[in-house]
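Chemist: Below you will find the structure I want to go over with you.
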Amino acid sequence: MSATLTESERDRVLAKSALFSPPPVALPDGRRELVGLSRPELIEELAAIGEKAFRAKQLWHWIYHQGTTDFSAMSSIARPLQEKLAQRFVIGRPGVATEQTSIDGTRKFLFRFRDGQEAETVYIPDRQEDRGAVCISSQVGCTLSCKFCHTGTQKLVRNLGAAEIVGQFMAARDAYAEWPSPRGETPRLLSTIVLMGMGEPLYNYENVARAMQIVMDNEGIALSRRRITLSTSGVVPMMDRCGEELGVNLAVSLHAVRDDLRDEIVPLNRKYPIKELLAACRRYPGSSNSRRITFEYVMLRDVNDSETDARELVRLIAGLPAKVNLIPFNPWPGSIYEPSTTAQLNKFASIVMDAGFSSPVRTPRGQDILAACGQLRTESERVRVRPAA
Ligand code: SAH
Ligand code: SF4
């Protein structure tokens, strides 16, 4: 894809994404949501009520470092101002509609947003260490319909707003009481974000980017970009921008090494075929041997798991700083595929490994509560199409 073509495609992707905008930041009672605003926007909101910029710094600290939702707990702010803030603003969280914990410790939250739409978030504790990852959704549903993915059977309802994306992480931290203690102990459990929940993050780039900029801000949640991984099914025109602006780790849902098969199981491939996808990976800013691109590959029995497929995979990614994450297929009600046999999985993994790529097999987590990769789906439905702004 030439540079200009990529740019116009990018504009097209962004314009389409705007059709699925989240609800506005103002509540029906007129109060405004502070979560999800950028620092300059927060300064502006405060200026509008006659407060100076240093207040924004204080508020930022309370909201994102301490995890406070209550203005009256903000001890560095005098009572009259606390009251003034509470009259005009809120520091919200998505509501927990349901919550389930798997026998392996994985915990799935179904969050409900202000307009009643829902999305799932999964906390996946690390087996060895005392820490874990939060798997965050970027959309309610998905416009794409990868054949092996449960979310793909649900139509895109709408994009999540920045507040709803950061809010999933913050609400998960609330559930684990994982905010810094008054003695200054820092959170450990919820220290990694993977954008691998419901939806295609690069089809909601603006909100995802805004949310990630907030979580990376040093005076707040302060996650390093190395602790964030964004997974895309291959929205080529947005990949460069993601690398330049966010510099987070990239995971690419490859799943097939031939266009005919990928066209079928990851239909986005018809728009951005394998060659273009890999070219975008080669250009991805910030990838290196210490920060490799992850290629996700869901192992579907007798569909994409042959030794020929493994050798072709190795040929395609040759020279890239890459690792391959083999994902055993997680079935869901109505799915048409079978997981590969363990023997086939191992054979595939060893071909990839012998070629010099690390090829860990992703152990399914939270399968008993349908929290594993590709099992997320909500009952939210699209009510009406919002006209373009
Ligand atoms: N839309 C993005 C991110 C969400 S999906 C993407 O597609 O990359 C996160 C990962 O789970 C993707 O690699 C996806 O292909 C994989 N996945 C989807 N359904 C799956 C299933 N049933 N079993 C195993 N992995 C699945
Ligand atoms: Fe959407 Fe990713 Fe599922 Fe494909 S795998 S349908 S892009 S969420």
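The values are calculated or read from the model by the stated rules, or taken from the named source; none is laboratory data. Just so it is clear, the structure is predicted and the values come from calculations on it, not from any experiment. Counting neighbours? That spans all protein chains shown, and the Cβs are built from the backbone with ideal geometry, glycine included. SASA here: full protein model, heavy atoms, side chains in, ligands and nucleic acids out. Shrake-Rupley method; radii C 1.70, N 1.55, O 1.52, S 1.80 Å.
Chemist: Those residues that are at pLDDT below 95, in a helix (DSSP H, G or I) and open to solvent by 70 Å² or more (accessible area, probe 1.4 Å), I need them from segment 351-370; list them, please.
Modeler: Within segment 351-370, 367, 368 meet the criteria.
Chemist: Would you pick out the residues in segment 241-264 that are crowded, with 19+ Cβ neighbours inside 10 Å and within 16 Å of ligand 2 (Cβ to nearest atom)?
Modeler: Within segment 241-264, 242, 250, 251, 252, 253, 254, 255, 256, 262 qualify.
Chemist: Being open to solvent by less than 10 Å² (accessible area, probe 1.4 Å), within 12 Å of ligand 1 (Cβ to nearest atom), at pLDDT 90 or above and of a type in the set (D, E, K, R) is the requirement here; does residue 120 meet it?
Modeler: Spelling it out, it is not the case that residue 120 is open to solvent by less than 10 Å² (accessible area, probe 1.4 Å), within 12 Å of ligand 1 (Cβ to nearest atom), at pLDDT 90 or above and of a type in the set (D, E, K, R).
Chemist: Output the residue which, of all residues in segment 56-83 that are under 18 Å from residue 174 (Cβ atoms) and of a type in the set (Val, Ile, Thr), is surrounded by the most Cβ atoms within 10 Å (Cβ to Cβ).
Modeler: The extreme case among them is 63.
Chemist: Something else about it: Let me spell it out: the conditions are (1) aliphatic (A, V, I, L, M); (2) open to solvent by 10 Å² or more (accessible area, probe 1.4 Å); (3) within 13 Å of ligand 2 (Cβ to nearest atom), and residue 279 meets all of them except one. Which number is the exception?
Modeler: Of (1) aliphatic (A, V, I, L, M); (2) open to solvent by 10 Å² or more (accessible area, probe 1.4 Å); (3) within 13 Å of ligand 2 (Cβ to nearest atom), only one is false for residue 279: (3).
Chemist: Further question: State the number of residues belonging to segment 87-112 that are farther than 15 Å from residue 169 by Cα, aliphatic (A, V, I, L, M) and open to solvent by less than 40 Å² (accessible area, probe 1.4 Å).
Modeler: Count: 2.
Chemist: Scan 199, 161 and give me the residue that is within 15 Å of ligand 2 (Cβ to nearest atom) and either more than 14 Å from the chain's Cα centre (by Cα) or over 16 Å from residue 369 (Cβ atoms) (or both).
Modeler: 199
Chemist: From the residues in segment 140-157 that are within 17 Å of residue 168 (Cβ to Cβ) and near ligand 2 (Cβ under 8 Å from one of its atoms), which one is surrounded by the fewest Cβ atoms within 10 Å (Cβ to Cβ)?
Modeler: Filtering first and then ranking leaves 142.
Chemist: OK, next. Taking the options 304, 346, 330, name whichever one is over 29 Å from residue 279 (Cβ atoms), in the same structural domain as residue 242 (by TED's automatic domain parsing), open to solvent by less than 20 Å² (accessible area, probe 1.4 Å) and not in a strand (DSSP E or B).
Modeler: Criteria check complete, one pass: 330.
Chemist: Filter segment 198-247 down to the residues that are assigned to a loop (DSSP other than H, G, I, E, B), more than 13 Å from ligand 1 (Cβ to nearest atom) and touching a residue at least 40 places away in the same chain (Cβ under 8 Å) and list them by number.
Modeler: 217, 219, 220, 221, 222
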